[in-house]
Each structure stands twice: as structure tokens, then as C-alpha cells.
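To start, the structure itself, in C-alpha cells.
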Amino acid sequence: MNLQDYIRDIQDFPKPGIGFKDITPLLISPEATAFCLETLANSLQNQKIDKVIGVESRGFFFGILLAQKLNAGFIPVRKPKKLPFDTISASYELEYGSDTLEMHVDAIQPGDKILIHDDVLATGGTAKAVCELVEQLGGEIVQINFLMELSFLNGREKLGNKEIFAALTY
């Protein structure tokens, strides 16, 4: 199965000059969703994962599926003031602005094996911010995985020597 057949390009979204990769066609197809989930899970090669982080909001779709498949807990990382308990936060730059992410302070215990999942690796700012949150709480990042990587934006460079996997690369 070619997952690229299930990604729709939307020009000038969310602002002029940005080419948005719409994953809605992928989510509509149960077969493509199952294939993508298997692709993402198989990249871990039987590594132990205690918790999966899903990054707001498109990282939630496969993040929760990965957590269930791996028999791991799920941690939502959200934009400011969306989580009801005490949080830690990290700010970051992205290709069209800046933002902040938050996570509950009790989401990770020292030594927890963590899989970070998001939909797109672009400039790497979002993933780097999530890595900072995990490391603040003493978690060990096993892998950062993505539905797709926009390799021309060089996001891997911000993530150092972290294990990175993308189901699709553009």
C-alpha cells in the first residue's frame, strides 16, 4: 500500500505560502489507517515502551492507537491552558510562527521508556519542545515517530541523535 495516495496537499493553509499535508483521507480509510499503524509500530522492533506521547492535535490520532497496540499509557501534550492539572511547558518556533506546549507534571516517572508521536516532522521545533518536557521529568526517549517527514525543512537537525522514524518522507 502506498500511504502517499492517502495524503492530500492543500496549498496556502494555514497561511499563504504553506503547503499543508491533509491526513483526512488516510483516517477515512480503515485499511490505510491499519497499514500506517503497523508501519509505525513495526519501526520499534519490539522495544519496550511505557508511555506514548501524542502531540496536539493530529498526533492524538495515531498516538492513542500506538499506545493501545503497545500496551502503554497515553500522554496528551497540549497547547496552553488545555490540561486541567499542574503542568510543565516548553516554547518553540515552527515554520509559520511560535507556540507553547504543556504536559501534566505527573505524566512521566523517571526512567519511563517514551515514544513520542506526531503527524509531521517539519522544522523540528515541536518535537524538540516535547523532548525537553520528557527529559525534564526524567523520561527516556526510545523513538520519535511521525506519519510524515518534510525532509527539505531539515527538522532532524534540531533533534540531535534521537531515534527518528517517519512512515513517509517528502
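The values are calculated or read from the model by the stated rules, or taken from the named source; none is laboratory data. Worth saying up front: this structure is predicted, and the values here are computed from it rather than measured. A quick note on method: Cβ atoms are made from the backbone with ideal geometry, for glycine too, and the neighbour counts reach across all protein chains shown. Heads up: the accessible areas ignore ligands, DNA and RNA and are worked out on the full protein's heavy atoms, side chains in. Shrake-Rupley method; radii C 1.70, N 1.55, O 1.52, S 1.80 Å.
Based on what the data block shows, is SER91 open to solvent by 80 Å² or more (accessible area, probe 1.4 Å) and among the hydroxyl-bearing types (Ser, Thr, Tyr)? It would help to see each step written out before you state the result.
Values: open to solvent by 80 Å² or more (accessible area, probe 1.4 Å): yes; among the hydroxyl-bearing types (Ser, Thr, Tyr): yes.
Answer is yes for this residue.
For every residue, the table says whether it meets (1) within 21 Å of PRO14 (Cα to Cα); (2) modelled with pLDDT under 95; (3) open to solvent by less than 60 Å² (accessible area, probe 1.4 Å); (4) in a strand (DSSP E or B).
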site	(1), (2), (3), (4)
GLY111	no, no, yes, no
ASP118	yes, no, yes, yes
VAL134	no, no, yes, no
VAL142	no, no, yes, yes
Checklist outcome for this item: Flagged in segment 30-65 as of a type outside the set (Val, Ile, Thr), in contact with a strand residue (DSSP E or B) (Cβ under 8 Å, 6 or more places away or on another chain), without any contact (Cβ under 8 Å) to a residue 60 or more places away in the chain and assigned to a helix (DSSP H, G or I), in numbering order, are PHE60, PHE61, GLY63
Checklist entry - Looking at (1) touching a residue at least 60 places away in the same chain (Cβ under 8 Å); (2) open to solvent by 10 Å² or more (accessible area, probe 1.4 Å); (3) part of a strand (DSSP E or B), which is the one condition that is false for THR126? => result (3)
